[in-house]
Amino acid sequence: MPTQEEILGTLDDIIVPGSTRSLVKMNLVRDVSIVDGKVDITIASAALMAGAQESLTDSVKEATGDITGVSEVYINFVDIQAKDLNEVGNVIAIMSGKGGVGKSLIASLAAVVLRRQSYDVGILDADITGPSIPRMFGIKARPVGSESGIMPVLSESGIEVMSINLLLPNEDDAVIWRGPIIAGAITQFWEEVLWGKLDYLIVDLPPGTADAPLTVLQTLPVTGIIIVYTPQDLTAMVVKKAVSMARKMDKPILGVIENMSYLYVREIDKKMEIFGRSRGEEMARAAGAPLLGQLPIDPELARLCDEGNIEHYDAEIVTNLEQALPQAVKKLSEAAEND
């Protein structure tokens, strides 16, 4: 007699059309029942493009029909909205009080290092008027879907990405929207995109403390916030603004990351603090959270971002984040359980 585990294991090898993730990873398998060798499989139709149901029916029947003990296979599709299928373990918002500090870069690197540890990861690009995530990952494909949801586009290493730039006719087109429309788009990216099962969803916030960041912190179940800053004198004030907003919204701060911390000149083996002395410890105290890393000015990283190859970046900061990010999330979870 076949078991549910055998059936699910087989379904985990079947890729959803329009995606590169499986039926199980996209959380489309809603029920599996087995009676006297007859297998009934219920699949959600959310975000499936035209013709996908027929394709999946053939693939599922062929794969499960080869399992020992299976005599017949029945496939049923049910209408379920994407938001009712998404299971996201941790939502991490990348935030700053001002623009130009590298939030999108940190959001991308955070996703990359988590993916390298075999976590299922997605990026929601909430910077509607200044999206840059797709360019850094070299993503040009357009999302597909249906009235019940949209499939995110996957990066080279399997990171799910949704950004307004993926929906525009040209990536250079300006998004000239007022605050409420921007907030609505962010909500749609959360509710109408089929994220499926994710360990982490990284949210790249726009700068400041206005409508868009407020929408994310009010609408999404944010696990924690990472605050990004650069070492200029102005930093202390803008970091404190971000910290203040996080605390008023009752969202925990995972840590702070200092970007453009220094420039390493290999020829003279020296670190030069171009934008002033590091404020890592000072900002960590202000946020009441750990310093997760200090990112240098690295021409190699800039080149990879321009080429759409950020997933190929490998430097000390990457190793540090691989250890620091999961540890910070774990500490927050343990603290919440003890409260």
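Please treat every number below as a calculation from the coordinates, not as lab data. Quick caveat, the model's predicted, so the values are computed rather than measured. When we count neighbours, we look across all protein chains shown, and the Cβ atoms used for this are built from the backbone with ideal geometry, even at glycine.
Some observations on this one:
- Taking every DSSP bridge with both residues inside the chain, close to 30 percent are antiparallel.
- Net dipole in debye of region 4-80 [+1 Lys, Arg Cβ; -1 Asp, Glu Cβ; about Cα centre; nearest 20]: 280
- Sum of -39500 (n - 2.57) over DSSP H runs of 4+, divided by residues of the chain (222 nm, nearest 500): -10500 deg cm²/dmol
- Taking a ≥ b ≥ c as the square roots of the Cα gyration tensor eigenvalues, the chain comes out prolate, since a/c reaches at least 1.5 and a/b is larger than b/c.
- Peptide packing for 320-331, 266-277, 14-25 was compared via the average number of neighbouring C-beta atoms within 10 Å per residue; ordered from the highest value, the list is 14-25, 320-331, 266-277.
- Of Asp36, Asp204, Asp306, the one that fluctuates the most in a GNM where the chain has Cα springs shorter than 10 Å: Asp36
- Site pair Asp306 and Val144 shows an inter-label distance of 3.4 nm when each label is modelled 7 Å from Cα along Cα→Cβ.
- Lysines with Cα under 24 Å of Lys83, excluding same-chain neighbours fewer than 8 positions away: Lys25, Lys197, Lys251
- Note that region 288-300 has calculated 3J(HN,Hα) couplings of x, 8, x, 7, 7, x, 10, 8, x, 6, 10, x, 5 Hz, one per residue in order, obtained from phi through the Karplus relation 6.51 cos²θ - 1.76 cosθ + 1.60 (θ = phi - 60°); glycine and proline are x.
- Simple Cβ-charge dipole of the chain, Lys/Arg +1 and Asp/Glu -1, about Cα centre, in debye nearest 20: 1480
- Cα gyration tensor shape for region 235-314, rounded if a/c is under 1.5, else prolate or oblate: oblate
- Span from the region 198-223 Cα centroid across to the region 1-77 one, whole angstrom: 34
- Listed residue (Leu28, Val238, Ala210) projecting farthest to the positive dipole end of the chain, Cβ model: Val238
- Long-range amide H partners of Gly89 with built H, under 5 Å: Leu198, Asp199, Tyr200
- In the chain, taking the dipole from charged Cβ atoms about the Cα centre, the farthest positive-side position among Ser45, Thr319, Leu263 is held by Leu263.
- Cleavage-rule hits (chymotrypsin sites (Phe, Trp or Tyr not before Pro)) in region 103-210: DSSP loop, at most 15 neighbouring Cβ within 10 angstrom: Trp177
- Residues with amide H under 5 Å from that of Ile150, placed H, sequence gap 5 or more: Val193, Leu194
- Cα-based helix-to-principal-axis angle, 52-65 vs the chain, degrees rounded to 10: 70
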